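Reviewing the structure listed below.
The values are calculated or read from the model by the stated rules, or taken from the named source; none is laboratory data. All figures in this text were calculated on a predicted structure; none of them were measured in a lab. Heads up, the Cβs are rebuilt from the backbone with ideal geometry, glycines too, and the neighbour counts pull from every protein chain shown. Protein only, heavy atoms only, side chains kept; ligands, DNA and RNA dropped before computing areas. Shrake-Rupley method; radii C 1.70, N 1.55, O 1.52, S 1.80 Å.
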Amino acid sequence: MRFPLPMLPQGAKAAVNVRALLVWGAVALLLIAAAAAAGHGIAMRAEQRSLKEAAQHRLDMIAAGLDGDLARFDYLPSLLEMTPNVQKLLSAPAEPVLRDEVNRYLSGINATAGAEMLYVLDRDGVALAAADWDLPSTTVGAHLGFRPYVQDALRQGRGRFFGVGITSGRPGYYLSYALSSGGQARGVATVKVSLAGAERAWATLPGEVLLLDERGVVILATREHWKFRPLTPLAADTRAEIARTRPYGNAELQPLDWRELEPLDDDARIVSLAGVAQLASLRRVNSARWRLIVLDDLAPARHAARNVAAIAALASSVALLLLLVAWQRRRAQQALRANQAALQIAHDTLESRVVERTAALRRAQNDLVHAEKMAALGQMSAGLVHELNQPLAAMRTLSDNARVLLDQHRDDEARGNLLRIGRLVERLGKLTRQLKVFSRKSGTAAAPVALRAMIASALSLHADRIGELGVAVELGIAPPSIRVAGDEAQLEQVFVNLIGNAVDAMSEAPVRRLLIEGRVQGERCTVTLTDTGPGIRADILPQLFQPFVTSKPAGTGLGLGLLISANIVREAGGSLAGSNAAAGGACFAVELLLATSLEPIEHE
C-alpha cells in the first residue's frame with residue numbers, strides 16, 4: 001500500500017528555498033574567504049622566503065667585502081715594531097731629524113699600502129709621527145690617550161675601534177698595536193682604515209644596508225640621515241662612556257623610529273622603520289662585534305600576496321561554480337551550457353593572469369640575479385688594472401719608436417713595430433673579453449696554448465728593455481711543439497711578469513743572461529726562468545707570494561705581480577715556485593698541465 005506524501009504550501013516551499021539559499025551562500029563565502037586567506041598566507045611566506053634568500057646572498061657579499069677591508073691592514077701596525085727609527089723616536093721623541101725621517105717613512109708606507117692614515121703614539125697617547133705630517137689637519141701632536149684603541153693596545157697588545165677622527169672629522173676603523181722593547185710597551189702604532197668605499201658600494205645593491213656597532217648605533221648606512229643614530233635609546237652609562245671616548249663626534253644620537261613587529265627566525269624579522277614595514281636580515285661581522293642589517297621593503301611582497309589571494313578567491317569561486325553547474329545539470333541542459341560558457345571565460349581569464357604574473361615574477365628574479373652579478377663584476381674589474389699596465393706601457397714605447405723610425409724613413413722597422421702593437425691590442429682585447437664572458441656565464445674552459453710562441457710573445461714585450469741592458473736570452477723548449485692547458489692571455493701575463501722581474505733584477509749585474517727552459521715530465525710541463533741578478537733576498541723569500549712584498553724602490557711596484565701570477569697558474573691546474581739558483585741569481589719554476597686537445601693553434 002502506498003501512502004501519499006504530505007504536500008507543503010507554496011509559501012512554505014519558498015521560505016525553505018530562501019533559507020537554503022542563504023545557508024549555502026554563507027558557506028560559499030566562508031570557503032572563498034578561507035581560500036583567499038590561505039593563498040595570501042602562502043604567497044606572503046614565499047615572498048618573504050625569496051626576499052630573505054636574496055638578502056642572504058647580499059649579506060654574504062657585503063660581509064666578505066667588509067671583513068676583507070677590516071683585515072687587509074691588520075698586519076701594518078705590527079711592521080713598525082721592527083723599524084729601528086721608530087724605536088729610536090720612542091726613546092728620543094724631541095729629536096727633530098729623527099721625527100722627520102719617521103714622518104717620511106710612514107708617508108711612504110701608507111702611500112703604498114693605501115690606508116687612510118698611519119701614525120705612532122707614545123705611552124701617553126701623544127702622536128709623535130704620522131703620514132699626514134705635512135697637512136694642516138695633521139695628527140702629529142694630538143693627545144689621543146683617551147681613545148679605547150690606545151688603552152687596549154697598551155693593556156692587551158692590540159686594539160680595535162670605530163670612530164670619528166679627532167683632527168680629520170672623518171669616521172674610520174682604527175687598528176692599533178703596542179710597540180714593545182724588552183717586554184715593555186713603549187708606544188702604539190695605529191692605522192686608520194676608511195670604510196667609505198664599502199659604504200658607497202652598498203648603494204648599488206637592492207634594498208637598504210645598515211651597520212651597527214657593539215652599542216647598537218648605526219655607523220655606516222646607505223641613508224646618510226640614519227648614521228650615528230641608535231635603534232633604541234641608549235642607557236645613561238653608555239652615554240657617559242660615549243662622551244668620554246667620543247666615537248661619534250658631535251652626533252646627537254637621536255634614536256631611529258625602529259620597531260620590531262614579527263620575528264621570523266634568528267637571522268630575519270619584520271620591522272617598522274619610519275612607519276614603513278621592512279624585512280630585516282641580519283649577519284654578525286667583525287668577530288661578532290657588529291651587526292650587519294639588510295632591509296627590503298615589504299610593499300611589493302604584500303602586493304604580490306594580495307594578487308595571489310585574489311587569484312585564490314577567484315579559483316575557489318570557479319570551483320564552487322563548477323559544483324553549482326553540476327547540480328544545475330539535472331534541472332536544465334540549456335542553463336548548463338550557458339553556465340559552462342561563463343565558466344570557460346572565467347577560467348581563461350584566470351589562466352592568463354596566472355601566466356602573466358608568473359612571467360613577471362621570473363623576470364624580476366632574473367633582473368635581481370643579474371644586478372648582483374654586475375655589482376660583483378664592478379669589484380672584480382679593479383684586479384685587471386695590474387694586468388693591463390705592462391701591455392699599455394709596451395704599446396707606448398713601440399708607438400714612440402715607430403714615430404722615430406718613420407722620421408728616419410725606416411719604414412720596414414716601423415711596420416714591424418705597428419704589427420707588434422696590433423698583437424698587443426689583440427691581447428688586451430682578450431683580457432677585456434673575460435669581463436664580457438663573466439657577465440654571461442661563470443667561467444672559461446682551458447684551451448691548448450703553444451708554449452714557445454707564448455713565451456716569444458712575452459719576450460717581445462720586453463724587447464727594448466732587453467736590448468737596452470744587453471741581456472742575452474737563451475730559449476730552450478724541448479720539444480718545440482709543447483702545448484699547455486690554460487687561458488693564453490692570462491698565462492702570457494705570467495711570463496711577462498716573470499721576464500720583466502728578471503730583466504729588472506739584472507739591471508746592475510756585470511753579466512746579464514736569462515735562461516728559459518721547458519721540459520715535459522709525465523702529464524706536466526715545467527718551465528724554468530733563471531737570471532744572473534743578485535737573487536731573492538733572504539727576508540723576502542719566505543713571503544715571496546704575499547701581497548705588497550717587493551724589493552723594488554718605492555713607486556715602482558706594489559708587490560702584487562707574483563701573487564697574481566701564482567693565482568693564474570693555480571687556476572690553470574699548475575704551480576709557481578721561486579728560489580735562488582746555486583750559481584747565483586733567481587730561479588722561478590712554472591709547472592703547467594699539458595694540453596690533450598688536438599685542435600689546431602694559430603701562430604704555432
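Here is how the numbers come out for the structure above:
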read-out: Hits in the stretch 140-181 (condition: in a strand (DSSP E or B) and surrounded by fewer than 19 Cβ atoms within 10 Å (Cβ to Cβ)); value: HIS143, ARG158, ARG160, VAL164, SER180, SER181
read-out: Residue match in the stretch 140-159 (condition: within 25 Å of the chain's Cα centre (by Cα) and modelled with pLDDT of 90 or more); value: no
read-out: Selection count where residues are closer than 18 Å to GLY165 by Cα and either touching a His at 6+ places or on another chain (Cβ under 9 Å) or surrounded by fewer than 16 Cβ atoms within 10 Å (Cβ to Cβ) (or both), scope the stretch 108-123; value: 1
read-out: Top-ranked residue in the stretch 487-545 [being farther than 16 Å from LEU593 by Cβ and of a type in the set (Ser, Thr, Tyr); ranked as surrounded by the fewest Cβ atoms within 10 Å (Cβ to Cβ)]; value: SER507
read-out: Whichever residue in the stretch 164-181 is among the hydroxyl-bearing types (Ser, Thr, Tyr) and more than 18 Å from ASP152 (Cβ to Cβ) and, among such residues, is nearest to the chain's Cα centre (by Cα); value: SER168
read-out: Pairs where the first residue, in the stretch 421-432, is under 17 Å from GLY486 (Cα atoms) and at pLDDT below 80 and the second is part of a helix (DSSP H, G or I) and among the charged types (D, E, K, R), C-beta under 6 Å, 6+ apart; value: LEU431/GLU387
read-out: Residues (open to solvent by less than 60 Å² (accessible area, probe 1.4 Å), assigned to a strand (DSSP E or B) and under 20 Å from LEU211 (Cβ atoms)) located in the stretch 255-271; value: TRP258, ALA268, ARG269, VAL271
read-out: Filter result (crowded, with 16+ Cβ neighbours inside 10 Å and touching a Pro at 6+ places or on another chain (Cβ under 6 Å)) within the stretch 229-238; value: PRO230
read-out: Matching entry among VAL285, VAL294, VAL276, VAL271 (being of a type in the set (Val, Ile, Thr) and in contact with a Ser or Thr (Cβ under 6 Å, 6 or more places away or on another chain)); value: VAL294
read-out: Of all residues in the stretch 23-51 being at pLDDT 85 or above and crowded, with 18+ Cβ neighbours inside 10 Å, the one that is nearest to SER181 (Cα to Cα); value: LEU51
read-out: Residues (open to solvent by less than 30 Å² (accessible area, probe 1.4 Å) and either touching a Phe, Trp or Tyr at 6+ places or on another chain (Cβ under 9 Å) or assigned to a loop (DSSP other than H, G, I, E, B) (or both)) located in the stretch 475-486; value: ILE482
read-out: Evaluation of ALA130 against (1) closer than 16 Å to ARG186 by Cα; (2) of a type outside the set (Lys, Arg); (3) free of Cβ contacts under 8 Å to residues at least 40 places away in the same chain; (4) crowded, with 19+ Cβ neighbours inside 10 Å (one fails), failing number; value: (1)
read-out: So GLU241, is it among the charged types (D, E, K, R) and open to solvent by less than 80 Å² (accessible area, probe 1.4 Å); value: yes
read-out: Close pairs (7 angstrom Cβ cut-off, 6 or more residues apart or separate chains): surrounded by 15 or more Cβ atoms within 10 Å (Cβ to Cβ) in the stretch 296-315, acidic (Asp, Glu) anywhere; value: ALA301/GLU47; ALA304/GLU47; ALA305/GLU47
read-out: Enumeration of residues in the stretch 505-545 that are within 26 Å of ILE482 (Cα to Cα) and among the acidic types (Asp, Glu); value: GLU517, GLU523, ASP531
read-out: Residue list for the stretch 84-107, restricted to those being open to solvent by 20 Å² or more (accessible area, probe 1.4 Å) and closer than 18 Å to LEU175 by Cα; value: SER107
read-out: Selection status of GLU252, open to solvent by 60 Å² or more (accessible area, probe 1.4 Å) and assigned to a loop (DSSP other than H, G, I, E, B); value: yes
